[in-house]
Amino acid sequence: MGLTHHGILFIFVGVRVPRSCGGRVEIKQGRVSLFFMTTAQKQEEQQNIASLTKTEVGALKMLRPGDLVEGVILEKGSRMVTVDLGPHGTGVVYRGEIQNARDIIRGLAAGDPINGKVIDPDNEEGYIELSLSQADKQKSWEAVQDLKDQEEIIVIKAMSANKGGLVADLQGLSAFLPVSQIVGGFEGKDEINNKDEIVQILEGLVGKEIEVRIIDVNPRTNKLIVSEKAAKEESMRELVKNYAVGQEVEGVVSGIADFGVFVKFTDNPSVEGLIHISELGYKIIENPKELVRIDDVVKAKIVDIKDGKISLSLKALKADPWARAGERFREGQETRGKVHSFHPFGAIIDVDDDLQGQVHVASFGSVEEMKKKLVQGETYAFSVESMNAEERKMLLKMKE
């Protein structure tokens, strides 16, 4: 019979042991002791060993390229840095990567903790090859992803500008703020088609701090997109809680677009509402600039609050002119009116400050003939052909 202990094979001559029994050797003070186990004891020990092995294997995850690991610097040299990675073994950072990560390594010494990204889990020298710069970058991507998931509002400082937007540093990564997602600097600019003017506005924002939210994170394409609009909308959701539908507010016209007018509230300039073109008055309006200009002070009524956005109305504060239009204008009545605009269906006529009527193109034969007899901005004599105040329609006919 033979048993091995500490690499030494012990041969016991003349000792017969049943195959069902296990055995172990203990050597103390030069004496060799041989112990035998029963079948039940042997099975129990085998089960314990198997259980222990499974536990250790489960706890020790096999490293793969791309994994992030944390260790302690064992030795720091100019050509190589070795890192204790605990049960995983020893990590190494070679000279080329030391140069790439010099800002990270510069202030570190033996015994300091350090993070690395696995490049090769088992290189030719038996080490786990690490990259410190890639680990730092990967942690930055994970950090910005967390900020996006938590919908955090963060502050960035614009470092440079191009025709597409602004570039800023965020967690050591290059973040892009597109023109379409910028609010500051474009207030009151209803239409900007000149690229040079856009670039000029963007360059004026370089060096300024801007509140943004992260809207897109993609490490594979190295894309990190932020939005000032998204941050403003989040802030607005909190600010609008101080206002209610039906409330009358005062504000300053901050922007004019084809579809309406933006108004900043006098009591809180951080709050901005929109007056849709249909809410500027009871008349048909071709361009909001007909009624308001930038920096005009106006009073409006809040008609809707939804998703942090406030909708305003000017006409809600005025009496509805159609309420008494049937009394003022009857069929066959003569009136005078000014040509407001032309359309394929006819011409819109201003009969007073708040009411408009329509002359149908059929009474002229064609749009060309209509424009020969009517000039935009000129006043003519008309007769009321039909009146329907409930449907807000008044049909006029030009008097010969």
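Of the listed requirements (1) within 16 Å of V292 (Cβ to Cβ); (2) at pLDDT below 95; (3) surrounded by fewer than 20 Cβ atoms within 10 Å (Cβ to Cβ), I256 misses just one: (3). Filtered by the rule that a residue be over 24 Å from S235 (Cα atoms) and without any contact (Cβ under 8 Å) to a residue 24 or more places away in the chain, the stretch 268-290 gives I277, S278, I285, E290. Of all the listed residues (G126, G111, G96), the sole one being surrounded by fewer than 15 Cβ atoms within 10 Å (Cβ to Cβ), outside the structural domain of V212 (by TED's automatic domain parsing), among the small types (G, A, S) and in a helix (DSSP H, G or I) is G96.
Among the residues in the stretch 386-398, are any closer than 30 Å to A230 by Cβ, surrounded by fewer than 16 Cβ atoms within 10 Å (Cβ to Cβ) and without any contact (Cβ under 8 Å) to a residue 40 or more places away in the chain?
The first filter runs over the stretch 386-398 and keeps only residues closer than 30 Å to A230 by Cβ, leaving none.
Within the stretch 386-398, none of the residues are closer than 30 Å to A230 by Cβ, surrounded by fewer than 16 Cβ atoms within 10 Å (Cβ to Cβ) and without any contact (Cβ under 8 Å) to a residue 40 or more places away in the chain.
One residue stands out in the stretch 80-133 among those that are closer than 24 Å to G172 by Cα and polar (S, T, N, Q): the one that is nearest to the chain's Cα centre (by Cα), namely S133.
For the stretch 314-337, the set of residues classified as under 13 Å from L395 (Cβ atoms) and surrounded by 13 or more Cβ atoms within 10 Å (Cβ to Cβ) consists of A325, F329, T335, G337, listed by residue number.
Pull up the stretch 229-253, narrow it to residues that are among the aliphatic types (A, V, I, L, M) and in a helix (DSSP H, G or I), then point me to the one that is modelled with the lowest pLDDT. Spell out how you get there, then give the answer.
Initially, the stretch 229-253 is screened for residues among the aliphatic types (A, V, I, L, M), giving 230-231, 236, 239-240, 244-245, 249, 252-253.
Restricting the remaining residues to those that are in a helix (DSSP H, G or I) gives 230-231, 236, 239-240.
Values: A230: 87, A231: 86, M236: 80, L239: 85, V240: 88.
Only one residue fits best here, namely M236.
Within the stretch 285-297, the presence of a residue that is closer than 26 Å to R392 by Cβ, touching a Ser or Thr at 6+ places or on another chain (Cβ under 9 Å) and not in a loop (DSSP other than H, G, I, E, B) is excluded.
Please find, within the stretch 303-313, the residue that is modelled with the highest pLDDT out of those that are among the hydrophobic types (A, V, I, L, M, F, W, C) and buried (at least 19 other Cβ atoms within 10 Å of the Cβ). Spell out the reasoning first.
Within the stretch 303-313, the subset among the hydrophobic types (A, V, I, L, M, F, W, C) is 303, 305, 310, 312.
Imposing the further condition that a residue be buried (at least 19 other Cβ atoms within 10 Å of the Cβ) reduces the set to 310, 312.
Details: I310: 93, L312: 96.
Applying the filter and picking the extreme gives L312.
Residues in the stretch 316-326 that are closer than 28 Å to K299 by Cβ and of a type outside the set (A, V, I, L, M, F, W, C): K318, D320, P321, R324.
For the stretch 211-220, does any single residue satisfy the condition of being at pLDDT below 95, within 17 Å of the chain's Cα centre (by Cα), within 30 Å of K148 (Cα to Cα) and surrounded by fewer than 13 Cβ atoms within 10 Å (Cβ to Cβ)? Spell out how you get there, then give the answer.
First, the residues of the stretch 211-220 that are at pLDDT below 95: 211-220.
Subsequent filtering for residues that are within 17 Å of the chain's Cα centre (by Cα) retains 211-219.
The next check asks that each one be within 30 Å of K148 (Cα to Cα); those that pass are 211-219.
Still in the running and surrounded by fewer than 13 Cβ atoms within 10 Å (Cβ to Cβ): 216, 218.
For the stretch 211-220, residues at pLDDT below 95, within 17 Å of the chain's Cα centre (by Cα), within 30 Å of K148 (Cα to Cα) and surrounded by fewer than 13 Cβ atoms within 10 Å (Cβ to Cβ): present.
When residues in the stretch 371-400 are screened for being closer than 20 Å to K283 by Cβ and not in a strand (DSSP E or B), 9 of them pass.
Output the residue which, of all residues in the stretch 193-214 that are among the hydrophobic types (A, V, I, L, M, F, W, C) and out of contact with any Leu (no Cβ under 8 Å at 6 or more places or on another chain), is farthest from Q171 (Cα to Cα). So that I can check it myself, show each step before the final result.
Within the stretch 193-214, the first condition is being among the hydrophobic types (A, V, I, L, M, F, W, C), and the residues that meet it are 198-199, 201-202, 205-206, 210, 212, 214.
Then drop every residue that is not out of contact with any Leu (no Cβ under 8 Å at 6 or more places or on another chain), which leaves 198-199, 201.
Numbers: I198: 27, V199: 26, I201: 26 Å.
Only one residue tops the list, namely I198.
The values are calculated or read from the model by the stated rules, or taken from the named source; none is laboratory data. What you see is a predicted model, and the numbers here were worked out from it, not measured in a lab. Because the Cβ atoms are built from the backbone with ideal geometry, glycine has one as well, and the counts that use them run over all protein chains shown.
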